[in-house]
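Worksheet: one structure, shown below.
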Amino acid sequence: MTAGYRQRAAQHAVRRDAGRRRSTLISRLRLLAFLAGVACLFFASRMQAEVWYVAALACFVAFATLVVRHIRVEERIEWHETLRVVNERAIARIERRWDALPPGDVPAAAAISRHAYAVDLDLFGRASLFQLLGPAATALVSKPTPGTLSNAAASPSVVQSTAVPETGAIAARASAGIGCVMATTSTSIW
């Protein structure tokens, strides 16, 4: 079951390493282009020949081009490292190696101590649902709706304000105090 993840993690590690080698080469070429440009300017100031100014300009254009290329290579390195980590964490989740996953601590904005049953469900902490599913990856999911978890059981208005439009019947049942209140929220559980 983890063979595909292992293969992708290895592929991304190889691509990351190739990118690092390319990055090292580009950084050395950047240095060479810059020093060559400075040397051309030095010769141009001594000899007053236009050819040295043109050569210096060419070296600085090459330097600028290498800077842009280097940025792209560094972004690719970061991309492949991120994908490698994603695959490694997927393997850790499948194998239930909790120590290899990011901690499942309670988000700062969550107030689970006031919720009736959030603590009992092992939503946060070591070997929790939050650690198994992973941290939120988008800004929408990582920003909690104020009071969603802490006031949902006591206030049907919170449920109605965060209800998904397609779940109107569920929201109506929740406002009447029937069924699970948390099932109607469109935000994260915290």
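Every number here is computed from the coordinates shown, using simple stated rules; none is lab data. It should be emphasised that the depicted structure is a prediction, and the values quoted were computed from it without experimental measurement. FYI the Cβ positions are ideal-geometry reconstructions off the backbone, even for glycines, and counts take in every protein chain you see.
Phi angles of segment 90-99 translate, via the Karplus equation with coefficients 6.51, -1.76, 1.60 and θ = phi - 60°, into HN-Hα couplings of 5, 4, 4, 5, 4, 7, 6, 8, 5, 5 Hz per residue; Gly and Pro are given as x. Counting neighbouring beta carbons within 10 Å and listing from fewest to most, the residues M1, M47 come out as M1, M47.
Neighbour counts of other Cβ atoms within 10 Å put D99, D17 in the fewest-to-most order D99, D17. Using the Karplus relation 6.51 cos²θ - 1.76 cosθ + 1.60 with θ = phi - 60°, the per-residue 3J(HN,Hα) values for segment 35-49 come to 5, 5, x, 5, 4, 4, 5, 4, 5, 5, 6, 7, 9, 6, 10 Hz, with x marking Gly and Pro.
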